[in-house]
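S.K.: Let me begin by handing over the structure; questions about it come next.
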Amino acid sequence: MLNASCDSMVVVRPGCVLFAKNSDRDPNEAQFLDWQPRRSHAAGATLRCTWIEIAQVRQTNAVLLSRPFWMWGAEIGANEHGVMIGNEAVFTTQRYAKSGLTGMDLLRLALERAATAGDAVAVITGLLEQYGQGGGCGHEHRGFTYHNSFLVADPGGAYVLETAGRQWAVERVGDGARSISNGLTIEPFASKHSDRLKTAVSACRVRQPLTQRLAGAAAGPADLMATLADHGSADDTPRYSIVNGAMAAPCMHAGGLAANSQTTASWVAELTPAGAAHWVTGTAAPCTSLFKPVRLAQPLAVGREPTDQFDPASLWWRHEVLHRLIMRDPAAAYPVIAPERAWVQARWLAVPPEPDAAFAEADALLAKWTAAVAAQTAGRDMRPTWVRRYWGKRAERAGLPAAAIGAGS
């Protein structure tokens with residue numbers, strides 16, 4: 001079962017780099033925003049990553065991470081020097097090691113140790129050659145593993161780094177847009193190492209051209225937010241394949257028999273020499289979320305850290321109630337929240353509020369929208385039978401009350 005897919009993109013312009021990523025993972029694999037301060041470490045100290053222990057460096061940078069709850073590494077992140085990284089699962093013909101650094105570990109290590117995008121590439125490739133990549137990367141299926149590609153950016157530019165085992169290839173991004181997904185793209189590295197079957201099942205050959213085109217037309221953060229929320233359909237609602245659910249568009253929704261992945265967190269950033277502006281959902285499904293401003297130097301208390309069990313004290317799980325209600329009948333539910341959601345997002349982009357004020361306003365809107373959508377979709381679930389069955393099992397595993405998501409009504 002293939003259970004991880006992502007899309008990352010940059011737009012490089014003189015004096016500005018736009019960055020965006022959707023993290024796509026198992027539906028109950030909650031993520032949270034994790035602020036880590038700059039730290040000093042003793043000589044000879046070691047560090048426990050997700051699966052292995054490695055040598056620690058003397059100084060680590062302050063970072064902000066979007067981190068799946070169970071792992072040490074992160075899916076998306078930024079550091080105090082303006083470096084941003086997103087990683088992607090890629091499927092190759094090289095051997096998959098039973099243990100090693102995960103791609104998410106490599107992402108966090110690079111952010112903690114590098115001051116530029118170029119330095120971050122060097123950190124990742126050096127650690128890859130020294131320790132290798134490997135170990136379980138899945139949540140539902142812990143043995144599921146993959147190799148990784150990375151999109152690494154700072155205010156001066158960006159790099160694509162692709163790997164296969166301990167081998168790698170790197171490309172400097174020129175002016176304009178560049179997107180990556182779950183397939184190797186740098187030639188001749190890609191032709192030599194790609195696992196064509198798994199790459200095809202991931203639907204990345206459909207998504208990557210779409211994100212490349214949309215990123216190429218992006219004028220600013222709002223356009224990249226819209227790209228991350230795109231379903232690739234005429235009416236902009238999810239389209240489910242019996243094989244891999246709604247994995248053929250950037251805003252991903254699980255529900256296939258052979259492969260499943262769900263967008264569980266999203267991030268857009270604008271990187272300039274004067275500083276960085278970061279916008280995060282902190283929740284799944286950007287099509288139902290607000291991108292909220294955050295600052296690396298301003299940690300926020302946004303509720304209890306989530307697990308894979310429903311917890312109304314967790315922002316991620318509170319939003320899951322709204323998300324899962326909307327997905328029962330998106331054609332009817334989206335219009336309930338869309339006008340106000342668009343108006344609030346535009347207002348925030350025009351005059352960014354303080355992060356704590358934005359999160360408070362978003363939480364109040366979440367409660368209001370959840371009640372309105374529950375009333376609008378009561379008694380209906382328009383998804384295919386296999387999709388309803390898939391999500392019913394995930395709700396049961398998470399302890400999500402049936403009444404909260406309209407199940408059985």
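The values are calculated or read from the model by the stated rules, or taken from the named source; none is laboratory data. Keep in mind the model is a prediction, meaning the values are calculated, not measured. As a convention, Cβ positions derive from the backbone with ideal geometry for all residues, glycine included, and neighbour counts pool all protein chains shown. What goes into the accessible areas is simple: the full protein's heavy atoms, side chains included, and nothing from ligands, DNA or RNA. Shrake-Rupley method; radii C 1.70, N 1.55, O 1.52, S 1.80 Å.
S.K.: Would you say A372 is part of a helix (DSSP H, G or I), surrounded by 15 or more Cβ atoms within 10 Å (Cβ to Cβ) and aliphatic (A, V, I, L, M)?
M.R.: Yes: the conditions hold for A372.
S.K.: Does G232 meet the test of being surrounded by fewer than 19 Cβ atoms within 10 Å (Cβ to Cβ), at positive phi and more than 16 Å from the chain's Cα centre (by Cα)?
M.R.: yes
S.K.: Right, another one. Could you grab me the full set of residues in the range 4-54 that are out of contact with any Lys or Arg (no Cβ under 6 Å at 6 or more places or on another chain), among the small types (G, A, S) and under 30 Å from L210 (Cβ atoms)?
M.R.: Residues satisfying the conditions are S5, G15, A20, S23, A30.
S.K.: Looking at A78 and the list (1) in contact (Cβ under 8 Å) with a residue 40 or more places away in the chain; (2) open to solvent by 10 Å² or more (accessible area, probe 1.4 Å); (3) closer than 30 Å to R213 by Cα, which single condition is not satisfied?
M.R.: Here A78 meets the rest and fails (2).
S.K.: Here are the criteria: (1) open to solvent by less than 10 Å² (accessible area, probe 1.4 Å); (2) in a loop (DSSP other than H, G, I, E, B); (3) touching a Pro at 6+ places or on another chain (Cβ under 7 Å). Tell me which single one P250 does not satisfy.
M.R.: Here P250 clears every test but (3).
S.K.: Please find, within the range 53-69, the residue that is farthest from D26 (Cα to Cα) out of those that are open to solvent by 30 Å² or more (accessible area, probe 1.4 Å), in a loop (DSSP other than H, G, I, E, B) and in contact (Cβ under 8 Å) with a residue 24 or more places away in the chain.
M.R.: Within the range 53-69, the match that is farthest from D26 (Cα to Cα) is V57.
S.K.: Right, another one. Of all residues in the range 339-360, count the ones that are without any contact (Cβ under 8 Å) to a residue 40 or more places away in the chain, closer than 26 Å to R328 by Cβ and open to solvent by less than 70 Å² (accessible area, probe 1.4 Å).
M.R.: 2
S.K.: Do we find that A42 is surrounded by fewer than 24 Cβ atoms within 10 Å (Cβ to Cβ), over 21 Å from A276 (Cβ atoms) and aliphatic (A, V, I, L, M) in this structure?
M.R.: Answer is yes for this residue.
S.K.: Tell me which strands (runs of 3 or more DSSP E) are completely within the range 100-204 and hold 3 or more residues being over 30 Å from P27 (Cα atoms), or say none if there are none.
M.R.: 167-173
S.K.: Here is a further query. Being surrounded by 22 or more Cβ atoms within 10 Å (Cβ to Cβ) and either closer than 23 Å to T185 by Cβ or over 15 Å from the mean Cα position of the chain (by Cα) (or both) is true for just one of E162, E129. Which residue is that?
M.R.: Just one listed residue meets the conditions, E162.
S.K.: Answer with yes or no whether S202 is buried (at least 21 other Cβ atoms within 10 Å of the Cβ), under 28 Å from L65 (Cα atoms), small (G, A, S) and at pLDDT 95 or above. Talk me through it step by step, then tell me what you get.
M.R.: On the way: buried (at least 21 other Cβ atoms within 10 Å of the Cβ): yes; under 28 Å from L65 (Cα atoms): yes; small (G, A, S): yes; at pLDDT 95 or above: no.
In short, no.
S.K.: Report the residue count in the range 376-409 for those that are in a helix (DSSP H, G or I), modelled with pLDDT under 95 and among the aliphatic types (A, V, I, L, M).
M.R.: Summing the residues that are in a helix (DSSP H, G or I), modelled with pLDDT under 95 and among the aliphatic types (A, V, I, L, M) in the range 376-409 gives 4.
S.K.: Name the residue that is most open to solvent (accessible area, probe 1.4 Å), counting only residues in the range 297-338 that are assigned to a helix (DSSP H, G or I) and basic (K, R).
M.R.: Selected residue: R318.
S.K.: Mind listing whichever residues of the range 176-199 are among the aliphatic types (A, V, I, L, M) and open to solvent by 20 Å² or more (accessible area, probe 1.4 Å)?
M.R.: A177, L197 - these are the residues of the range 176-199 that are among the aliphatic types (A, V, I, L, M) and open to solvent by 20 Å² or more (accessible area, probe 1.4 Å).
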